[in-house]
1. Between the stretch 150-199 and the stretch 400-467, what's the alpha-carbon centroid distance in Å?
2. Rounded, prolate or oblate: which one fits the stretch 324-378, using the alpha carbon gyration tensor with axes a ≥ b ≥ c (rounded when a/c is under 1.5, else prolate when a/b beats b/c, else oblate)?
3. Based on the Cβ-Cβ distance of residue 324 and residue 413, what FRET efficiency does E = 1/(1 + (r/R0)^6) give at R0 = 35 Å, to the nearest 0.05?
4. Set the Förster distance to 51 Å, then compute FRET efficiency between residue 448 and residue 62 from the Cβ-Cβ distance, nearest 0.05.
5. Return the FRET efficiency for the residue pair residue 384, residue 146: r is the Cβ-Cβ distance, R0 is 60 Å, and the value is rounded to the nearest 0.05.
6. Just want the ordering: 282, 389, from fewest to most Cβ atoms lying within 10 Å of their own Cβ.
7. Compute the Cα gyration tensor for the stretch 38-80, then decide on rounded, prolate or oblate, letting a ≥ b ≥ c be the square roots of its eigenvalues: rounded whenever a/c is under 1.5, prolate when a/b is larger than b/c in the other cases, and oblate in all that remain.
8. Pop a pseudo-label 7 angstrom from the Cα along the beta-carbon direction at both residue 406 and residue 351 and give the gap in nm to one decimal.
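Nothing in this text is a laboratory measurement; each read-out follows from the coordinates by a stated rule. This one's a predicted model, so the numbers in the text were calculated from it and none came from an experiment. As a convention, Cβ positions derive from the backbone with ideal geometry for all residues, glycine included, and neighbour counts pool all protein chains shown.
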């Protein structure tokens with residue numbers, strides 16, 4: 001009886017251990033799938049948002065019928081769409097659509113595959129273009145009755161499908177972003193599609209069924225090895241997604257950097273030759289404004305890319321104080337606001353600090369510039385700073401246009417702009433506060449935003465006076 005009891009006890013323990021390990025394996029699988037899903041959605045949203053910045057609303061207005069696909073400008077747009085696909089190999093389709101009079105129907109403006117020859121489009125090589133091989137040309141309609149994202153959300157800000165959906169071309173998860181004109185109005189959307197087959201392949205790479213079986217079978221001996229293997233596979237997939245995002249940013253830098261320098265050079269030459277030609281001077285001014293808008297986009301992309309790289313590197317610290325940190329900012333921004341008829345009021349209480357002062361100065365200066373931009377000419381912008389426990393709070397207050405209450409929760413999300421922002425700054429890109437929030441979080445702090453439409457906004461940067469213990473590994 002005693003032997004039987006011991007045997008039963010050992011069996012029970014074995015069953016419990018197996019059950020526990022199986023539960024852990026299932027948890028790791030579900031957790032890994034959740035992380036991958038979040039990364040894929042983030043990558044689709046970011047890729048679409050960055051890609052949408054490359055297209056000209058003026059060019060897109062030329063394409064309405066199949067005949068318009070013969071225009072040289074159409075080939076240029078298709079080339080841009082193909083470049084986006086090449087930068088992120090997991091994409092199957094890239095296209096641009098606009099609204100029609102029917103809210104449930106959109107029409108194609110351009111598609112990356114629309115200029116393929118018959119043999120290239122015939123993927124199964126059966127001599128016939130099946131439904132899932134048909135090409136989309138300007139003016140072709142697309143039914144979005146069952147897709148709420150395409151009917152509303154995406155026309156205001158970048159978005160991703162809430163669920164996988166199916167159409168004649170297959171089953172997809174898609175990212176979208178609005179394409180805006182110079183006045184900030186949405187004229188079309190860029191869409192990019194990832195197929196279900198590609199996604200499932202990545203899931204299998206992340207945690208294969210064989211790994212689950214092996215985890216249960218060898219319970220005690222190989223649990224640690226399997227966990228490390230799963231972690232390495234997860235890191236590899238996430239690094240691949242990050243690499244694709246970096247490739248797209250590099251593509252945008254390449255497409256924008258050199259032409260931007262050439263444009264500025266020619267504008268300077270034309271302005272020098274147009275001293276007595278009022279019409280040509282006016283044209284030069286318009287070119288300068290357009291070039292400045294492109295420069296803002298280019299600068300935002302570089303800041304975002306630099307921020308992504310800095311999150312993987314150490315941060316150099318500097319012993320300073322609150323007044324010493326903000327003195328250069330106050331000096332520069334006081335002069336800048338005076339040129340706009342505005343006033344910078346300060347209230348700074350000193351405290352010792354240990355932080356990367358140069359980066360924080362740039363951040364505070366950008367926040368003050370933002371407050372000035374969205375305030376009237378004779379407005380007052382207030383900069384306050386004070387120590388609070390082991391933190392410091394730096395607040396920028398303005399009496400500008402404010403933010404609608406139902407949009408406040410989205411402010412600070414990549415590429416999101418308040419609906420009333422375009423009336424003051426049509427060429428904004430929605431990256432400034434997103435970058436500011438990421439900088440604060442990387443340093444163990446946070447960014448708080450409170451606002452009332454028509455009355456003003458308060459942006460508060462909360463940072464540790466010296467690095468917190470859990471962030472020490474990133475500093476030297």
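1. 25
2. On the way: a/c = 2.57, a/b = 1.93, b/c = 1.33.
In terms of gyration-tensor shape, prolate.
3. On the way: r = 33 Å, r/R0 = 0.95.
The computed FRET efficiency comes out at 0.60.
4. Values: r = 45 Å, r/R0 = 0.89.
Plugging the Cβ-Cβ distance into 1/(1 + (r/R0)^6) gives 0.65.
5. On the way: r = 51 Å, r/R0 = 0.84.
For residue 384 and residue 146, the calculated efficiency is 0.75.
6. Values: 282 11, 389 8.
So the ranking, lowest neighbour count to highest, is 389, 282.
7. Working: a/c = 3.16, a/b = 2.71, b/c = 1.16.
Verdict is prolate for the stretch 38-80.
8. Placing both labels 7 Å along Cα→Cβ, they lie 3.8 nm apart.
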